[in-house]
């Protein structure tokens, strides 16, 4: 049985989708990137995640809308419309 790693998952928009990072762990001076949600709503997972954190990431990927907090520019985050969480493709790229 593997020991569960405690994580504090946060989402950051970096221009090419959402980076999903763990604020409790760092790599090269930055928060550890554990996953990425791309413009097609697919999720790439880079680190081991518990079911609760993975489901939270999938839920955001599925339901988040193309909204921008910036009133001076129209920013489209997703090329695909919102969908059901079970429609999200998850690619595991854990080393």
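The values are calculated or read from the model by the stated rules, or taken from the named source; none is laboratory data. Worth saying up front: this structure is predicted, and the values here are computed from it rather than measured. Note that each Cβ is placed from the backbone with ideal geometry, even for glycine, and that neighbours are counted across all protein chains shown.
With respect to residue 38, is the statement that it is surrounded by fewer than 17 Cβ atoms within 10 Å (Cβ to Cβ) and at negative phi true? No.
For the stretch 70-85, how many residues meet the condition of being in a loop (DSSP other than H, G, I, E, B) and either modelled with pLDDT of 85 or more or surrounded by 13 or more Cβ atoms within 10 Å (Cβ to Cβ) (or both)? Matching residues across the stretch 70-85 total 7. Inside the stretch 12-29, residues that are part of a strand (DSSP E or B), in contact (Cβ under 8 Å) with a residue 40 or more places away in the chain and surrounded by 15 or more Cβ atoms within 10 Å (Cβ to Cβ) make up a count of 1.
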